[in-house]
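Since the structure comes first, as structure tokens, the remarks are kept for the end.
Bear in mind that the values in this text are calculations on the coordinates, not laboratory data. What you see is a predicted model, and the numbers here were worked out from it, not measured in a lab. Note: ideal-geometry Cβ built from the backbone for every residue, glycine included; neighbour counts use all protein chains shown.
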Amino acid sequence: TFVVTDNCIKCKYTDCVAVCPVDAFFEGPNFLVIDPIICIDCALCVPECPADAIFQDTELPAEQVHYLEINAQLCQEWPNITELKAAPADADKWNGVAEKLPLLER
Ligand code: SF4
Ligand code: F3S
């Protein structure tokens, strides 16, 4: 499966959802996650993300491994998202800020 990681938080550009052929993305207030059951490992979403926030589970940087569990859990709680929408007005300001997990809204 592919996994959405830390840099998506407060960026949430949603370019990823527009290309997913199986609608595997789920939307929280300031973050998206991928359902590992739905994802077919096509990798199409990876280059679409302006925040470079999506990794294959086998290639997760060590400090992002906890996002595997976060994606698997929150995809069961949040609604599906299938269409591009406007990013937060301050998304670019947060792109590249490290360790945003404390800012994740559930
Ligand atoms: Fe969707 Fe493919 Fe990305 Fe999985 S890897 S979330 S199937 S676009
Ligand atoms: Fe997040 Fe990147 Fe998608 S910032 S919403 S994973 S395009």
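With respect to (1) away from ligand 1 (no atom under 12 Å from the Cβ); (2) surrounded by fewer than 19 Cβ atoms within 10 Å (Cβ to Cβ); (3) touching a residue at least 24 places away in the same chain (Cβ under 8 Å); (4) more than 22 Å from Asp90 (Cβ to Cβ), the lone exception for Ile70 is condition (2). Within the range 1-28, track down each residue that is surrounded by fewer than 22 Cβ atoms within 10 Å (Cβ to Cβ), near ligand 1 (Cβ under 7 Å from one of its atoms) and part of a helix (DSSP H, G or I). The one that is surrounded by fewer than 22 Cβ atoms within 10 Å (Cβ to Cβ), near ligand 1 (Cβ under 7 Å from one of its atoms) and part of a helix (DSSP H, G or I): Val19. Reported count of residues in the range 40-66, each being surrounded by 12 or more Cβ atoms within 10 Å (Cβ to Cβ), among the aliphatic types (A, V, I, L, M) and in a helix (DSSP H, G or I), is 1. Apart from one condition, Ile38 fits all of (1) within 12 Å of ligand 2 (Cβ to nearest atom); (2) within 17 Å of Leu74 (Cα to Cα); the exception is (1). Could you grab me the full set of residues in the range 67-94 that are within 12 Å of the chain's Cα centre (by Cα) and outside any helix (DSSP H, G or I)? Residues satisfying the conditions are Cys75, Ile81. When the criteria are applied in full, Phe31 fails the requirement of being crowded, with 19+ Cβ neighbours inside 10 Å, more than 10 Å from ligand 2 (Cβ to nearest atom) and in contact (Cβ under 8 Å) with a residue 12 or more places away in the chain. Pairs are defined by a Cβ separation below 6 Å, a sequence spacing of at least 6 or placement on different chains, a first member in the range 75-90 that is over 16 Å from Val22 (Cβ atoms), and a second member that is assigned to a loop (DSSP other than H, G, I, E, B) and of a type in the set (Val, Ile, Thr); the pairs so defined are Leu84/Thr14; Lys85/Thr14.
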